[in-house]
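Structure record follows, encoded as structure tokens.
The values are calculated or read from the model by the stated rules, or taken from the named source; none is laboratory data. Fair warning: this is a prediction, and the values are worked out from it, not measured in the lab. Here the Cβ positions follow ideal geometry from the backbone for every residue, glycine too, while neighbour counts run over all protein chains shown.
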């Protein structure tokens with residue numbers, strides 16, 4: 001059983017590196033996915049992308065409301081109107097900001113068995129998918145805001161929701 005991996009922190013350059021496509025199913029990637037899930041849960045996050053643990057792969061895991069989703073080679077195929085909400089990142093601890101993202105999206109991605117699956121997502125799930133997909137493109141949520149908009153949660157706690 002995996003004990004998880006170390007999460008890279010911004011400004012580690014590996015968070016900005018190009019990623020390469022994955023081919024699922026794969027035993028090695030299955031082990032990596034297990035490590036990612038353990039790491040995400042230990043850190044109390046809702047998502048984790050492979051680059052956050054130093055793996056330059058187009059692979060992410062998201063868990064919202066007890067539903068775990070594996071995203072291999074994900075792509076947004078449809079997005080709806082924008083919404084602004086609080087967002088944080090395991091690679092940028094103790095900081096949050098209000099970020100504009102699509103409130104509803106449709107994503108296609110490979111599941112753990114390599115099947116191409118369509119995921120319709122709204123609310124937090126849509127936000128988490130977009131956040132993790134940004135990681136796969138070498139972007140962090142702080143790239144979408146003015147740095148002055150970052151809130152230090154150690155000084156100014158932000159109530160969820």
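So here's what we get for this one:
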| quantity | calculated |
| --- | --- |
| In the range 138-156, residue modelled with the lowest pLDDT [restricted to those that are assigned to a loop (DSSP other than H, G, I, E, B) and more than 17 Å from residue 90 (Cβ to Cβ)] | 156 |
| Options 37, 22; residue that is assigned to a helix (DSSP H, G or I) and either closer than 16 Å to residue 132 by Cβ or modelled with pLDDT under 95 (or both) | 37 |
| Filter result for residue 125 (in contact with a strand residue (DSSP E or B) (Cβ under 9 Å, 6 or more places away or on another chain), surrounded by fewer than 21 Cβ atoms within 10 Å (Cβ to Cβ), under 20 Å from residue 39 (Cα atoms) and touching a residue at least 12 places away in the same chain (Cβ under 8 Å)) | no |
| Contacts under 6 angstrom Cβ, first residue in the range 48-76 being at negative phi, partner part of a helix (DSSP H, G or I) and surrounded by fewer than 19 Cβ atoms within 10 Å (Cβ to Cβ), 6 or more apart | 61/37; 64/124 |
| Some residue of the range 133-151 being touching a strand residue (DSSP E or B) at 6+ places or on another chain (Cβ under 8 Å), farther than 24 Å from residue 7 by Cβ and in contact (Cβ under 8 Å) with a residue 24 or more places away in the chain | no |
| Meets criteria (farther than 21 Å from residue 121 by Cβ, touching a strand residue (DSSP E or B) at 6+ places or on another chain (Cβ under 7 Å) and modelled with pLDDT of 95 or more) for residue 94 | yes |
